[in-house]
Every structure is written in C-alpha cells, then in structure tokens.
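Data first, discussion second: the structure below is written as structure tokens.
The values are calculated or read from the model by the stated rules, or taken from the named source; none is laboratory data. On a predicted model such as this, the values are computed, not experimentally measured, just so you know. No Cβ is skipped: glycine too gets one built from the backbone with ideal geometry, and neighbour counts run over all protein chains shown.
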Amino acid sequence: MTVLSRNSLPLTPAPTAHVSLANRYESLLNGDANGIHPWLAEQLSLTHARPDDLPDSMDQLHAWSARHATQVAADHAEYLEQRRQGAPRRYFANRAQALWFIQQVAPTKAVDGAWLFGTLRHWQDPRFHGLIRTYLEELGEGDPRCNHVLIYQRLLSRLGCLEPFELDDKRYLQGALQLALGLCTDDFLPEVIGYNLGYEQPPLHLLITTHELAELGIDGYYFQLHVTIDNAASGHASKAIHAVHQLCPTDNAEAFYQRVRHGYRLNDLGTDTPTLISRFDLEAQLMALLARKRVFGQFMHADRCRLQQRTVNQWLADPEAMPAFLQALQAQGWIKRGQDPAGSRWWSLINGPGAPMFGVFNAYEKQLWHDWIADGWQTPQRRVPPGAWEAELNQTLAMPAREATADIDTLLACMAGKRHALPDGLRATRAYLKATGLAQESPH
C-alpha cells in the first residue's frame, strides 16, 4: 500500500454540513462512513495551527517518550507526597463527582482502540503488526475478562450507571474521531499513527484518577490497566513509536511526519480530563435532577405530604420552586446538612429496599443527594484493596468453546465499533488471531 495516499487532497477542506456529534458518533458506531472523509479532514484542519510537544525529528521520539514518562513519574510522586502531608484529593471532592466523570467519558471508553480498527486488514504486512497487536490487546484478544470495553461496561454496571446519561454534545467528539480514523485508515494512515502516538503516552491524570477512585471505594482497574499496558518501555507507547518508523516512507519522510503531528494534535480537540472534572457542580447537578424528576412526581404524592404549608405536589408543579423546595426540606428538618445523611429523614425515604420512595432515584442520583446532604461531613473511606477486581473477573462466565469460522471480512465486521465486546465479536477476535497467525504464545 502507499502510505501517503491522500497527498492530493486539499489541506483546507470545504465545511461539512452540520450534524450533531452524538448523531455522527451513533452513525459511525453502526459502520456508516457517509460523509466522514470531509468531516475528518475538517477536524484535522483545526490542528494545523496548534502547537504540540513532539520533537522536530522522528529520531528523537524515543528520548521524548522517556522524558515524558520520567516527568509523569516525578509529578505523581509529588502528588503522593502532597497527599501524605494532608492535601485533599485533587480531582474528586466526593463520590458523586467521580460517578459523574465516569459517565461523562463513557462514549469515548465505549470505543476504546477504535482508531486502529482499519489496520486489521493489513495483517499480511509485518510493518502493521505493532498497531494490530495494540488493537487486539484493547479487545482483550477475545477474552471477555480482558476486553477494555467490557471492563468499562462492568464498572458502569457495578456503579448503577448503565442508564443513558444526558451529555453535552461535545462529549462525543473524541469517540467520533476514533471511530472515523478507524474507518478511514487507508486514507489517513499518518494521522492514525499520530493519534495513536499521542493516545498511548500514559498521562498523569490516569495515575491520579486511579488513586482517588480507590479512595472513594470505586474500582479503578480500567484506568490502572491503561497505566501499565501503555508503558513507554515495552507497552503501547513503545509500539506507537515503532510504528512511526516502520511505516514512514523513505521518499517523503518530512511530509509524513507533518501529518503524524496533525494526527497527534487531534488528541487535544475537546476538553482535557482535569478541566472536565473541574466543571462538576454538585448543587447544579442536584437542581437538574429535581427539574427532571418533578415532571413525573408532581401528581404522585398525597395531599397530606406537606412542607411549609404547601403540598409536595404543589412544590413540584412549579419549575421555579426547586431551590425553595430544598430550603423547605431543611427548614422542616427532613434534611440535616453537614451531618451523616443516615440521620436525615429524607435519606430514609429514598434509600434502601424498604424506603417509601425506593427506585425513584438511581445510584448516581442517590449519590448526588448523599453528598449534597453530607456537605463536608467526612464519609468513612471505602478504599478498594489492590487486586479486588480479580475476584470479579474470575467469576466471569467463560465464552462457549465454539469459535467463529468465516472469511476475514466477516470477522472484521464483528470486530468494528464496540461490536467486538459482544459474544460474536469476542469469538471473531479469537478466530482472527487464529486465521492470521497473530496469536501470541504464552511463556513456557
């Protein structure tokens, strides 16, 4: 194949018709690449004037990656020392904020590795094997215990966060970019390589996120996994650099590397993780929750349920009354802020299988109430012990022994988007490994 197959395309594409990122994301998940080339070219054009931290020469990439890893390690050590000296958590003030974040990034995590999907067709070319290996490891090589998308889905399930969560349209940008790159790999190969180079360098926020989720009693194995598997010594970060050198054409290296840099900068489009986390507003989230629920609850309460001379139905019928409703709950003594929520009557109404309002609020919504009521009251830490995730994974039912047998195109169709996390996709992944001879032998 020709690596620079799109040199003739214009650097400044014509604007594409407006389609919401959420709709584009869903179309791409279903394999619909209609109009995706101009959209992807348009996104890349946004990177041309952006700076990056890549070295001027490809020959310096290994040294650059090593410096990055060293700096992240030093910054993490400094963070841990600050925590030992009593500093508060840097990211998550409470568990509700952590659950909010986990749901905010779910569209991206649901397509983990998708930008490399298009490399699977090139299994006969050894130059692609590092990229293919990276993608297959994202898929857990067909093992349901190791598939990254399934790991994240299990996390959402355990946290009670599987229900659709209303997200800002921008939350779908990175997932759409990853899917688009995976469907347009042959035309955008240098950009795919560059995006992969950026995505696989372990950032500091992964280390901090893993640490703080564990403190809040949340299994951060998904995030920890990406710290270890992306390591710069022998992991995905190292394979990413190797791919740059392996697939660089000898006759046009400078133009190739420039396109690699544009792909690398795609990682910076959208909102970075620390900024996203900082945008969480507990009271605003609670108000939004009440706005959603009042529509369904305004006719559901008996008139004997009164707060400050108004029935609950009357409170909920007025969309402007929600701040006053919260004040009335406190004035009536139903909520005692700054104390253990278990001591508030309101909490006993909404939490527990015998609660009168059992099922009205999902796990995330109850966490919002809990943390708003607590308001600084120190919830006892429920830190997840290292390796706790292993017990759950070991209980995962083994996939049926029958393996998929089909031509490569059929297998690839089952490995696209997030279909690889379904039973047929897991079987197809194992069959692909067998058919291509790319299965990795275990130590012996």
Quick count over the stretch 52-86, residues being more than 25 Å from H211 (Cβ to Cβ) and among the charged types (D, E, K, R), is 3
Which is more than 30 Å from T228 (Cβ to Cβ), modelled with pLDDT of 85 or more and not aromatic (F, W, Y), of P319, P353? P319
Take A66 and tell me if it is hydrophobic (A, V, I, L, M, F, W, C) and either buried (at least 16 other Cβ atoms within 10 Å of the Cβ) or without any contact (Cβ under 8 Å) to a residue 12 or more places away in the chain (or both). no
Just give me the residues in the stretch 20-52 being more than 19 Å from E254 (Cβ to Cβ) and free of Cβ contacts under 8 Å to residues at least 12 places away in the same chain, in sequence order. N23, E26, S27, D32, N34
Spans of helices (runs of 4 or more DSSP H) in the stretch 282-352 with at least 2 residues touching a residue at least 24 places away in the same chain (Cβ under 8 Å) and under 23 Å from L99 (Cβ atoms): 282-297, 322-331, 345-350
Just one of P107, P144 is within 27 Å of I208 (Cα to Cα) and either at pLDDT below 95 or touching a strand residue (DSSP E or B) at 6+ places or on another chain (Cβ under 6 Å) (or both); which is it? P144
Scanning the stretch 401-415 residue by residue, the ones that are more than 14 Å from L150 (Cα to Cα), touching a helix residue (DSSP H, G or I) at 6+ places or on another chain (Cβ under 6 Å) and at pLDDT 90 or above total 3
Could you tell me whether any residue of the stretch 250-264 is at pLDDT 95 or above, under 20 Å from the mean Cα position of the chain (by Cα) and not charged (D, E, K, R)? yes
Could you list, in sequence order, all residues of the stretch 37-51 that are closer than 24 Å to D186 by Cβ and either touching a strand residue (DSSP E or B) at 6+ places or on another chain (Cβ under 6 Å) or part of a loop (DSSP other than H, G, I, E, B) (or both)? L46, T47, H48
Top-ranked residue in the stretch 15-45 [being surrounded by fewer than 17 Cβ atoms within 10 Å (Cβ to Cβ) and in contact with a helix residue (DSSP H, G or I) (Cβ under 7 Å, 6 or more places away or on another chain); ranked as modelled with the highest pLDDT]: S20
Options L61, L80: the member that is hydrophobic (A, V, I, L, M, F, W, C), farther than 23 Å from A255 by Cβ, at pLDDT 95 or above and surrounded by 12 or more Cβ atoms within 10 Å (Cβ to Cβ): L80
Among the residues of the stretch 233-274, how many are out of contact with any Gly (no Cβ under 7 Å at 6 or more places or on another chain) and among the aromatic types (F, W, Y)? 2
Out of all the residues in the stretch 309-330, is one or more among the charged types (D, E, K, R), surrounded by fewer than 17 Cβ atoms within 10 Å (Cβ to Cβ), over 33 Å from the mean Cα position of the chain (by Cα) and under 25 Å from F165 (Cα atoms)? yes
